[in-house]
1. Could you please let me know if LEU170 is under 30 Å from PRO140 (Cα atoms) and not in a helix (DSSP H, G or I)?
2. Name the residues in the stretch 255-290 that are among the aliphatic types (A, V, I, L, M), at pLDDT 80 or above and open to solvent by less than 50 Å² (accessible area, probe 1.4 Å), would you?
3. Can you tell which of THR51, THR105, THR63, THR101 is of a type in the set (Val, Ile, Thr), at pLDDT below 75 and assigned to a helix (DSSP H, G or I)?
4. Six or more apart or on different chains, Cβ atoms under 6 Å: show the pairs whose first residue is in the stretch 122-141 and surrounded by 15 or more Cβ atoms within 10 Å (Cβ to Cβ) and part of a helix (DSSP H, G or I) and whose second is at pLDDT 85 or above and of a type in the set (Val, Ile, Thr).
5. For the stretch 180-204, what are the residues that are exposed (fewer than 13 other Cβ atoms within 10 Å of the Cβ) and either aromatic (Phe, Trp, Tyr) or on the phi > 0 side of the Ramachandran plot (or both)?
6. Of the conditions (1) at pLDDT 70 or above; (2) open to solvent by 30 Å² or more (accessible area, probe 1.4 Å), ILE321 clears all except one; give me its number.
7. Residues to consider are VAL314, VAL299, VAL307; find the one that is modelled with pLDDT under 80, at negative phi, of a type in the set (A, V, I, L, M, F, W, C) and within 18 Å of the chain's Cα centre (by Cα).
Amino acid sequence: MRYLLRKLAFYVAALWAALTLNFLIPRLMPGNPVDLMLSKLATKGPVTPTTRDAIQALLGTDTNASLWDQYRTYLHQLVTGDLGTSIAFFPSPVSQVIGQTLPWTVGLIGLATVISFAVGILLGRAAGWRRGSWVDNLIPLTTMLQSVPYFWLALLLLFLLGSTWPVFPLNGGYDVYAVTPGWSLPFVQSVLYHGALPALTIVLSSIGGWMLGMRNMMVSTLSEDFVVTAEAKGLTPRRIRSRYVARNAILPSVSGFAISLGFVVAGSIVTEAVFSYPGIGSALLLAVNNNDYALMQGVFLIITLAVLGANLLVDLLYGVIDPRTRARS
């Protein structure tokens with residue numbers, strides 16, 4: 001219980017620090033969302049001071065208020081679930097924009113990350129256990145794919161499998177002309193079909209790291225004394241591999257997996273930009289281009305919660321996998 005409370009206290013402090021930075025950073029950037037909207041309205045006619053007051057009240061960005069008052073208003077809005085109004089998707093609330101785009105990103109990037117981790121760990125375990133086998137010989141190829149810049153690999157696959165041989169669609173999250181969004185089989189099939197190529201790109205570009213890390217940890221763990229003892233006791237090779245070697249070798253990869261899960265939202269910008277995917281990365285890119293403070297803060301809040309939540313989950317899971325962690329704490 002003491003271990004759990006210390007972890008929770010640490011993550012609560014980290015969340016407060018992240019929320020404070022989330023409040024300060026957009027306000028330190030040049031530009032102002034109210035001025036941006038006024039400049040757009042000015043192209044269609046004269047803008048009065050009353051219009052500026054109305055836009056400030058609408059967006060909740062009272063630039064005449066002190067920084068401390070803005071900070072208190074910001075925390076109160078977070079507690080009440082009011083994230084403001086988006087400029088890029090005006091007049092939609094930020095919570096509505098995030099609610100519409102987040103499932104696309106989590107479904108694509110999250111699932112592809114889990115698949116990449118699971119396949120990479122299994123292949124790395126096999127490569128470390130049977131050094132010199134054909135699985136072990138795959139590592140140079142997979143690490144080469146990981147070293148290729150992600151956007152370049154995505155464009156190459158898009159050209160080959162989307163344009164030259166039209167196996168997959170070139171862009172979008174589903175076929176907007178043939179299916180209607182909803183929980184129907186044609187829509188789910190269309191989503192899976194459109195997400196196959198982005199997911200394949202993510203898996204190809206990240207599987208090498210998981211595989212190489214697991215393989216090296218398997219080789220290192222095989223030389224430990226407890227493995228030699230297990231062999232001397234006459235345990236089966238399958239049990240030694242699964243219960244003794246792989247269980248200890250996977251610990252560093254679990255930490256890396258937590259970080260990867262936390263950055264699922266943040267790492268989606270390039271993917272969604274290349275494949276024109278309707279996720280939260282595209283929304284964040286649009287928010288930055290339009291100085292949409294409210295939407296940027298909302299997306300950064302989601303990223304913060306994802307990173308802290310994933311790390312807390314793995315910290316707790318780490319204590320279960322390796323009881324020495326709790327003992328040292």
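1. On the way: under 30 Å from PRO140 (Cα atoms): yes; not in a helix (DSSP H, G or I): yes.
So LEU170 fits the description; yes.
2. Across the stretch 255-290, the qualifying residues are VAL274, ILE280, ALA283, LEU284, ALA287.
3. Values: THR105 fails: at pLDDT below 75; THR63 fails: assigned to a helix (DSSP H, G or I); THR101 fails: at pLDDT below 75.
One residue alone meets the criteria, THR51.
4. LEU123/VAL135; ALA126/VAL135; ALA127/VAL135; GLY128/VAL219
5. Those that are exposed (fewer than 13 other Cβ atoms within 10 Å of the Cβ) and either aromatic (Phe, Trp, Tyr) or on the phi > 0 side of the Ramachandran plot (or both): GLY182, TRP183.
6. For ILE321, the failing item is (1).
7. On the way: VAL299 fails: modelled with pLDDT under 80; VAL307 fails: modelled with pLDDT under 80.
That would be VAL314, the only listed residue that is modelled with pLDDT under 80, at negative phi, of a type in the set (A, V, I, L, M, F, W, C) and within 18 Å of the chain's Cα centre (by Cα).
Every residue, every condition in (1) part of a helix (DSSP H, G or I); (2) open to solvent by less than 50 Å² (accessible area, probe 1.4 Å); (3) of a type outside the set (Gly, Ala, Ser); (4) modelled with pLDDT of 90 or more, yes or no:
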{"position": "THR113", "(1), (2), (3), (4)": "yes, yes, yes, no"}
{"position": "LEU155", "(1), (2), (3), (4)": "yes, no, yes, no"}
{"position": "LEU158", "(1), (2), (3), (4)": "yes, yes, yes, no"}
{"position": "LEU161", "(1), (2), (3), (4)": "yes, yes, yes, no"}
{"position": "ALA178", "(1), (2), (3), (4)": "no, no, no, no"}
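The values are calculated or read from the model by the stated rules, or taken from the named source; none is laboratory data. Given the structure is predicted, the values throughout are model-derived calculations rather than measurements. Quick reminder, even Gly has a Cβ in these numbers, built from the backbone with ideal geometry, and neighbours come from all protein chains shown. We work out accessible area using only protein heavy atoms, side chains counted, and drop any ligands, DNA or RNA first. Shrake-Rupley method; radii C 1.70, N 1.55, O 1.52, S 1.80 Å.
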